[in-house]
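> Dropping the structure in here first, questions after.
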Amino acid sequence: MRKGEQTRAAIVAAALDLAASDSLEGLTIGLIARQLQMSKAGVFAHFGSREELQIAVLKEYERRFIEDVLLPSLKEPRGLPRVEAMYTRWLERGRPR
């Protein structure tokens with residue numbers, strides 16, 4: 001992964017953590033810049049707007065949900081066992097580490 005891609009991934013990861021605790025609407029370029037000890041311009045350069053950052057956070061959340069919750073749960077038998085597996089994994093994912 002190139003440096004720019006690594007920085008973008010770090011920004012999205014930090015934004016995802018902040019959104020989980022504060023809300024997606026509470027997410028700001030300045031807040032993330034402070035968290036990562038970057039300039040606002042540095043964060044802005046990777047996304048261009050707050051809305052683009054929010055979209056990137058939603059896409060990353062979806063990717064992680066599919067990888068951590070949905071796909072492993074599909075290995076369970078159909079019906080209630082599968083739904084219970086999804087629910088359990090979803091709850092475990094939301095617990096602080």
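Nothing in this text is a laboratory measurement; each read-out follows from the coordinates by a stated rule. Predicted model only: the values in this text are computed from it and were never measured. Reconstructed Cβ throughout: ideal geometry from the backbone, glycine too, with neighbour counts over all protein chains shown.
> Tell me what the chain gives for mean residue ellipticity at 222 nm when only DSSP H runs of n ≥ 4 count, each as -39,500 (n - 2.57), the sum divided by the residue total, rounded to 500 deg cm²/dmol.
So the calculated ellipticity at 222 nm is -21500 deg cm²/dmol.
> For the chain, set up a Gaussian network in which alpha carbons nearer than 10 Å are linked by springs, and say which option among Arg63, Arg34, Arg78 fluctuates the most.
Arg78
> Follow-up question, since we're still on this one. Net charge near Gly42, counting Lys/Arg +1 and Asp/Glu -1 over other residues with Cβ under 15 Å of its Cβ? Don't jump to the answer; show the numbers that get you there.
Working: positive: Lys3, Arg8, Arg34, Lys40, Arg50; negative: Glu5, Glu52.
Once positives and negatives cancel, what remains is +3.
> Mind running the shape call on segment 1-40? Use the C-alpha gyration tensor, a ≥ b ≥ c as the square roots of the eigenvalues: rounded below 1.5 for a/c, prolate if a/b tops b/c, oblate otherwise.
On the way: a/c = 2.81, a/b = 1.61, b/c = 1.74.
The shape class here is oblate.
> Identify which of the listed values of volume of the Cα convex hull per residue in Å³ was calculated from the structure shown: [x] 142; [y] 111; [z] 168.
[y]
> Give me the orientation-averaged projected area of the Cα convex hull of segment 49-97, in nm², one decimal.
Details: hull surface 16.0 nm².
Directional mean of the projected Cα hull area for segment 49-97 stands at 4.0 nm².
> Hand me the GluC sites (Glu not before Pro) from segment 9-93 located in a DSSP loop with no more than 11 other Cβ atoms within 10 Å, in residue order please. Display every interim value, and only then the final one.
Details: sites: Glu25, Glu51, Glu52, Glu60, Glu62, Glu67, Glu84, Glu92; in loops: Glu25.
Passing sites in segment 9-93 are Glu25.
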